[in-house]
Amino acid sequence: MNEKEYAALKDELNSIPVPKEALSYARTNGLKRVQNERRSRKKWTGTLAITASLILIFITTIRVSPAFAQAVAKIPGFAPLVEMIAYDKGIEDILKNDYYEELNITEIKNNLTFTLLGIIADESGMIINYELEAPFEIHDLHTKEVEIKQNNKGLEAGITYSWFGKEPINHIEDTIEVTASKNIDFTNPNFELSITFKDEHETTFNIPFSLQKNIAKSKNYKLDQTVEIDGQKLTVKSLRISPLRAKLDIAVDPVNTMQILQIKSMRLLDEKGEVWGTITNGVSGFGGMRDEEAAFFFQSNYFREPKSLTLELNDVQALPKGKDYIEVDFLKKKVLYIPDSVNVNVGIESNNTISATYKSKEENHFYQMFFQAVDANGETVDTNGSSQSNVNSMVESTYSFDTSNKTNPIRIYFNSYENYLKGSATVTIPLVMK
């Protein structure tokens, strides 16, 4: 930052009202900890403790003061960290425990400067921080493709990234989240990030990188505990806790009379009652409740080493089996079947598209109503795309299907519907690794 930019940022920080009680509490506790450690440790250990305390104060300030967070995000390299801390307590712990690895690898192509800032990596995946700069405006320069390679092969993983340009800018900081479908093997710590942007050259950066820090081993807990909610059984199979995320595997009893659609509320609580919720930004799991087994991701308490964990399952959506789908004939443009228990208006539009309109009772409704589809021969019908809007509790969505070489009628299964089982379930998790 030049002097003018630094002075402006300093003035902005000084003018921001910050909750003093919360900061005072964090500062006092931090200083007490440093003083105690100084009495029994060498001088250099005390210096490390001071640094840790400053990080604690910095993180606490970001959490209690959005204005402070916005200002700090303007400092080069800080924006991705601010965003991660804001929505995930596990990332907060990672930074406190110095598990973030700085890389700062830069490559320039076609007047675009790409810098791989740093990475958080564990067996469950990675979070990659990067920045992109150019001598021209790039707010609408979207990302076309991202791949992470190891041993010249792409990792088996879900990759999420975003681009939130709203106004002219020539410098962007963002993150790429990699969620592995199976544990990543770090025996060979050498990887390559390949990212392509949608400029006129379709510029691709291939950035080799090697991780130097030790990768934390996941903590695995075998559970096999069956619970019953409103006569329907689920089995909590296992829990794996890594620094980035915790993964919970759940299986549904095939003899259930109801088809479970979604478990809207899942929480992990430690012995202090602190809640570790599901992932709200990024990949939230693998599979679905129609599969033999589904995986759900939670924020991680890896570095806190809780004495006990409790899983709470609430707000379970379900429909009677055999009445958990709609049926349409795209050739005749007719809706052939809608379950009596479902209150939704379905229409047939052109290009093998259906529209669905319904009133939602939920303030934050984001689940897609439909997902899987099969034709009259039981063959899978792919979805070309979907859209959804929510205005004044009225949800309007469209779903387009690829029906080429498929036989009508098409059966479209519900992915979500606001019909809930009565009751909830609690599972006590014994913290004995297996």
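Miscellaneous remarks
- Take the Cβ atoms of Gln212 and Val374, set R0 to 60 Å, and the FRET efficiency comes out at 0.75.
- Sequence-distant residues sharing a close amide H with Gln372 (under 5 Å, placed H): Tyr413
- Check: the stretch 101-210 dipole with +1 on Lys, Arg Cβ and -1 on Asp, Glu Cβ, in debye: 280 debye
- Take the Cα radius of gyration of the stretch 325-414 and divide it by 2.2 N^0.38 Å, N being the number of residues; the result is 1.06.
- Put a plus charge on the Cβ of each Lys and Arg, a minus charge on the Cβ of each Asp and Glu, and nothing anywhere else: the dipole of the stretch 325-414 about its Cα centre is then about 200 debye.
- Between the residues Val335, Gln372, Asn392, the greatest Cα displacement towards the positive end of the dipole of the stretch 325-414, with unit charges on the Cβ of Lys, Arg, Asp and Glu, is found for Val335.
- At full extension, Leu331 and Asn183 could sit 48.8 nm farther apart than now, given 0.36 nm per residue minus the alpha carbon distance.
- Links that overshoot a 27 Å alpha carbon limit, given the list Lys264/Lys406; Lys307/Lys422; Lys247/Lys272: Lys264/Lys406; Lys307/Lys422
- Between the stretch 236-254 and the stretch 88-141, the Cα center-to-center distance that results, in Å: 28 Å
- Under the Karplus curve 6.51 cos²θ - 1.76 cosθ + 1.60, θ = phi - 60°, whole-Hz ³J(HN,Hα) for the stretch 212-227, x wherever Gly or Pro sits: 9, 6, 5, 8, 5, 7, 5, 9, 10, 10, 8, 10, 6, 10, 9, 10
- Neighbourhood charge, 12 Å Cβ-Cβ cut-off, centred on Ser124 and excluding it, Lys, Arg +1 and Asp, Glu -1: +3
- Amide H within-cut-off set for Lys264, under 5 Å, with H built and near neighbours excluded: Val316, Gln317
- Lys332, Lys422 arranged by Cβ crowding within 10 Å, fewest neighbours leading: Lys422, Lys332
- Shape parameters for the stretch 111-245, alpha-carbon atoms, Rg then Dmax in Å: 18.9, 63
- Rounded to whole numbers, the Karplus 3J(HN,Hα) couplings from phi for the stretch 296-307 are 10, 9, 10, 4, 9, 10, 3, 7, 8, 6, x, 7 Hz, using 6.51 cos²θ - 1.76 cosθ + 1.60 with θ = phi - 60°, and x at Gly and Pro.
All of the numbers you see were taken from the coordinates with simple rules; none came from a lab. Bear in mind the structure is a predicted one, so any value in this text is a computation, not a measurement. In this analysis, Cβ positions are derived from the backbone assuming ideal geometry, glycine residues included, and neighbour counts consider all displayed protein chains.
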